[in-house]
1. Round to a whole number: what % of the accessible area of the range 68-186 belongs to carbon and sulfur, probe 1.4 Å?
2. Quick one: give the max-minus-min coordinate of the C-alpha atoms of the range 54-160 along each principal axis, largest first, in Å.
3. Beta carbons within 10 angstrom, averaged per residue: use that to sort the peptides 105-115, 57-67, highest first.
4. Please turn the phi angles of the range 62-69 into ³J(HN,Hα) values with the Karplus equation 6.51 cos²θ - 1.76 cosθ + 1.60 (θ = phi - 60°), one per residue in order, whole Hz, x for glycine and proline.
5. To one decimal place, what orientation-averaged projected area in nm² is obtained for the convex hull of the Cα set of the range 39-111?
6. Stick to the Cα atoms of the range 1-91, pair each with every other, and give me the Kirkwood hydrodynamic radius in Å at one decimal.
7. Would you mind getting the accessible area per residue of the chain, heavy atoms of the protein chains only, 1.4 Å probe, in Å²?
8. How many Lys pairs in the chain lie less than 21 angstrom apart by Cα atoms, where the lysines are 8 or more positions apart or on different chains?
Amino acid sequence: MSSSRLGLRLAACLLNISEARRKNIVENIAKAALLEKNGQKHPEVSVLNIFSDRDYNRSVITIAASVDDLGNSVLAACLEAFQSINMELQEGVHPCLGAVDLIPIYPLSGVSVEECGAVARSLAESLLLRAPSCSLFLFGEADLPEKRTLVQRRKQLGWFTRRDFSALEPDLGAAPARRCGLTGAP
């Protein structure tokens with residue numbers, strides 16, 4: 001029986017963080033996604049995979065949950081990442097813009113792409129409240145009404161050339177702080 005027939009509404013976030021060489025930091029960020037506010041494990045959130053590339057110094061943490069719970073789990077992981085990763089010290093061959101580089105959210109079952117965009121926009125607003133030093137750019141379904149692609153945004157931001165973060169203009173938040181950099185939310 002498919003999960004959509006069971007009424008499950010699932011989405012996933014492929015959280016891209018600018019750290020892979022310090023395994024404990026990557027694991028702490030993943031663990032933050034799994035915990036409720038009271039410190040107990042959230043029963044409906046899973047970390048499906050952690051892929052780390054030491055040369056790139058970048059990890060992708062795949063977090064899956066009900067569409068209603070995903071935003072809070074990803075928020076907790078992002079807050080941990082902003083506390084743990086300092087972009088002033090970050091080195092790696094992958095061109096990155098932020099401690100939390102990307103927050104792509106995808107539908108898994110019973111959820112539309114538009115709903116994922118709404119989760120991403122809500123998450124971006126929560127990040128600004130909880131991590132005032134973060135700055136965000138939007139793409140895809142979160143970037144209304146333009147819906148610019150990640151490729152378009154990368155070109156606009158000069159993603160593949162390391163540059164002064166303060167010269168970048170975010171869609172949300174103040175000019176990017178050197179410690180946190182710029183985060184993309186679709």
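1. About 52 percent, which is the carbon plus sulfur part of the accessible surface.
2. 40, 28, 26
3. Highest-to-lowest ranking by the protection proxy: 57-67, 105-115.
4. My calculation for the range 62-69 gives 8, 10, 10, 6, 4, 4, 6, 9 Hz in order.
5. Averaged projected area of the range 39-111's Cα convex hull equals 5.6 nm².
6. 13.6
7. Value for the chain: 49 Å² per residue.
8. So the count works out to 4.
The values are calculated or read from the model by the stated rules, or taken from the named source; none is laboratory data. Remember, it's a predicted structure, so these values are computed and weren't measured experimentally. Heads up, the Cβs are rebuilt from the backbone with ideal geometry, glycines too, and the neighbour counts pull from every protein chain shown. The protein model used for the area step is the full one, side chains on, heavy atoms only, and it has no ligands, DNA or RNA in it. Shrake-Rupley method; radii C 1.70, N 1.55, O 1.52, S 1.80 Å.
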